[in-house]
């Protein structure tokens, strides 16, 4: 568990997902970019503008669950709606290719951008689900 010391917050290296939307909404969604080893792909969902780890939900990318080891805050109904909105909208300037046919490229959603950032940082993860066309399938986060 974290103590959320000033030093820990200073050492965070985060990629903000769909920054334009995060500016307009009450939550901020990010993926940590660190060289630590972890088997669970997850998001940081900051519940205010302080970027305080004590006021953060840690949500898995591979299934609609909180990360239990992180002592995660729980999202309100409104915050869940905002999370889904951020993750399902196109992320300007980001593209994703099918894992089956690399020439099949489309504009990436916030979820696809988050997963790709995770994969680029921590290498591949076989827990992530793909559809028959080789594109990512977002978990049903309404079940959080």
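The values are calculated or read from the model by the stated rules, or taken from the named source; none is laboratory data. Everything quoted here is computed from the prediction, not taken from an experiment. Positions of Cβ are generated from backbone atoms using ideal geometry, with glycine treated the same way; all protein chains shown enter the neighbour counts.
Some notes on this structure:
- Residue 48 vs. criteria touching a helix residue (DSSP H, G or I) at 6+ places or on another chain (Cβ under 6 Å), modelled with pLDDT under 95 and either within 23 Å of residue 92 (Cα to Cα) or surrounded by fewer than 21 Cβ atoms within 10 Å (Cβ to Cβ) (or both): yes
- Hey, residue 43 in a helix (DSSP H, G or I) and on the phi < 0 side of the Ramachandran plot or not: no
- Residue among 38, 109, 88, 77 that is within 16 Å of the chain's Cα centre (by Cα), without any contact (Cβ under 8 Å) to a residue 60 or more places away in the chain and exposed (fewer than 15 other Cβ atoms within 10 Å of the Cβ): 88
- Within the option set 118, 95, being touching a strand residue (DSSP E or B) at 6+ places or on another chain (Cβ under 6 Å), loosely packed, with under 14 Cβ neighbours inside 10 Å and either more than 25 Å from residue 39 (Cβ to Cβ) or at pLDDT below 95 (or both) holds for one residue only, 95.
- Hits in region 17-31 (condition: in contact (Cβ under 8 Å) with a residue 24 or more places away in the chain and surrounded by 15 or more Cβ atoms within 10 Å (Cβ to Cβ)): 17, 18, 21, 22, 25, 27, 29, 31
- When residue 26 is tested against (1) assigned to a loop (DSSP other than H, G, I, E, B); (2) closer than 20 Å to residue 128 by Cα; (3) touching a helix residue (DSSP H, G or I) at 6+ places or on another chain (Cβ under 7 Å); (4) modelled with pLDDT of 90 or more, only condition (2) is not met.
- Residues that are in a helix (DSSP H, G or I) and in contact (Cβ under 8 Å) with a residue 40 or more places away in the chain within region 46-74 comprise 53, 54, 69, 70, listed in sequence order.
- Which listed residue is over 22 Å from residue 25 (Cβ atoms), in contact with a strand residue (DSSP E or B) (Cβ under 8 Å, 6 or more places away or on another chain) and at pLDDT 95 or above, from 106, 132: 106
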